[in-house]
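Right, one structure below, let's go through it.
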Amino acid sequence: MNNDLKTNIEEKERAVLVGIYGDTTDKDLAEEHLAELELLTDTAGGVTVEKILQHRNRPDVSTYIGKGKLQEVRQKMESVSADLVIFDDDLSPTQVRNIERVTEAKVLDRSGLILDIFASRAKTSASKTQVELAQLQYLLPRLTRFWTHLSRQKGGVGTKGGIGTKGPGETQIETDRRLIGRRIAILKEKLQKLDQQRKVQRQGRSDLLRVALVGYTNAGKSSLMNAITETSVLAEDRLFATLDSTVRRFTVGQESVLLSDTVGFIRKLPHNLVESFKSTLDEIREADLLLHVVDVSSTMKKEYIQTVYDTLKELGADDKPEILVFNKVDLVTSPEELAGVRKEFPGSVLVSATRGIGLDEISAEIQKKVEGNYIYRKIVVPVYHYHVVSYLHDVAEVKQETYDDDSVHLAVRIHEKYTDKLNELLENSNVSAVKAVDAKGD
Ligand SMILES: Nc1nc2c(ncn2[C@@H]2O[C@H](COP(=O)(O)OP(=O)(O)O)[C@@H](O)[C@H]2O)c(=O)[nH]1
Ligand SMILES: [Mg+2]
């Protein structure tokens with residue numbers, strides 16, 4: 001092992017992961033959850049040295065795993081020289097305090113870990129603001145122990161802090177709640193302003209069909225974005241590589257479509273985070289269609305799908321039409337398994353973003369959904385109502401346009417979202433003179 005690498009590993013914080021399983025979660029699932037926590041720990045820059053699963057139906061109110069087990073964890077941590085213990089669940093401030101007292105080590109819960117990753121991944125002013133807001137809200141009830149305690153541990157002021165200490169500057173550490181409260185208010189205000197700006201930006205492209213990629217983190221959304229739009233969006237085997245939304249234009253048939261890629265979801269995504277990322281997630285809320293990407297090679301795909309549905313519900317975006325896109329088919333070798341997926345999820349598509357398999361199928365499915373949103377009309381407009389013709393050219397696709405002495409005859413395809421406005425315009429323009437009939441096809 002070369003020296004650089006060695007130092008690198010030595011410098012990484014060593015974590016023991018703890019989870020429970022019982023009546024509501026079976027052991028296999030709990031193991032998968034811990035494996036996910038390990039990936040999260042790795043993403044946060046730590047290394048997992050031990051995983052502990054305890055059978056227990058309900059968490060203990062004061063110590064989560066019970067006093068006896070906690071002693072065991074402490075001994076284990078000593079024997080593997082661990083720096084911190086991470087729980088695969090959210091802990092109450094009291095539980096954290098009690099666990100810290102026994103283990104005499106740094107204690108993190110799932111939300112704290114996810115927030116930390118978000119903090120290290122935030123690049124733009126918007127995502128930084130959003131993460132800081134979520135972190136402060138998370139911190140507020142935990143203020144007494146967390147920061148003052150941590151600052152005495154690894155790092156401290158002036159050095160790089162360990163996992164769970166990134167984000168709001170260390171100067172915040174010793175400040176009181178009132179200061180944090182004030183900071184929260186400022187951040188909220190800043191976000192509101194950013195929100196306004198974004199709204200204005202979005203208005204300019206409201207006539208295009210908007211498709212949003214959604215899915216569990218690491219499902220392959222960014223890779224799919226790249227494959228579909230043939231551009232390069234950061235894709236990596238890390239959780240939450242994408243914290244900001246990217247929007248790209250591509251064409252399906254003759255249709256220009258806007259595709260957006262945004263932050264992925266995860267089991268038990270901290271509520272504060274969903275809340276503060278709402279404006280980033282507007283791309284999803286305002287989409288006409290969702291491409292719900294699922295890693296088909298994962299044994300947890302059902303749980304992933306459910307998590308995505310739950311999060312969409314929290315966002316108020318659970319009523320959108322969606323196409324289920326099972327990605328990473330190249331990793332599944334059994335044809336029976338793929339046939340099973342097709343059968344269980346009719347209308348879904350099986351693709352590989354990185355191998356370029358099945359991308360045409362996605363386009364075909366999008367086209368099908370898109371067609372469903374359009375109606376065809378034949379409209380006769382007297383020339384003195386030319387503004388109606390202009391309007392149609394703006395919002396609809398004019399398939400045919402012929403003139404006779406005093407009118408314009410149009411065959412148009414128009415998105416259903418414009419039909420109310422169009423009907424109103426036709427009515428206001430002297431009904432007897434303006435005729436419109438529905439017509440299928442062209
Ligand atoms: N084998 C395989 N790997 C893929 C495929 N699509 C994405 N990946 C990998 O999965 C990881 C996560 O991809 P990414 O696009 O960043 O996922 P996101 O978090 O949903 O945006 C990356 O390492 C990708 O290279 C695929 O079709 N097949
Ligand atoms: Mg991504």
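The amide H of residue 214, built 1.01 Å from its N in the peptide plane, has 291, 292, 293 as neighbours under 5 Å, considering only residues 5 or more places off or on other chains. Take every Cα pair under 8 Å whose residues are at least 6 apart in sequence, average their separation, divide by the length of the stretch 374-438, and the relative contact order is 48 percent. Protein heavy-atom accessible surface, 1.4 Å probe, per residue over the stretch 205-371: 42 Å². The separation of the stretch 69-101 from the stretch 403-424, counted between C-alpha centres, amounts to 68 Å. Here the stretch 374-438 is assigned +1 on the Cβ of each Lys and Arg and -1 on the Cβ of each Asp and Glu. Its dipole about the Cα centre then comes out at about 180 debye. Between the amide H of residue 106 and those of 85, distances stay under 5 Å, these residues lying 5 or more places away or on another chain, with hydrogens modeled in the peptide plane. Peptides 75-85, 418-428 ranked from most to least packed give 75-85, 418-428, packing being the mean of other C-beta atoms within 10 angstrom over each peptide's residues. Computed from backbone phi with θ = phi - 60° and the Karplus coefficients 6.51, -1.76 and 1.60, the 3J(HN,Hα) list for the stretch 324-332 is 7, 10, 8, 9, 6, 4, 4, 8, 9 Hz; x is used for glycine and proline. Within the stretch 205-371, DSSP assigns beta bridges of which about 30% are antiparallel (rounded to the nearest 5). For residue 54, nonlocal amide neighbours, meaning residues 5 or more places apart or on other chains whose placed amide H falls under 5 Å from its own, are 19, 20, 21.
The values are calculated or read from the model by the stated rules, or taken from the named source; none is laboratory data. None of these values were measured; they are calculated from a predicted model. Methodologically, a virtual Cβ is constructed for each residue, glycine included, from the backbone with ideal geometry; neighbour enumeration extends over all protein chains shown. For the accessible areas, the whole protein counts, side chains as well, though only heavy atoms, and no ligand, DNA or RNA atoms are used. Shrake-Rupley method; radii C 1.70, N 1.55, O 1.52, S 1.80 Å.
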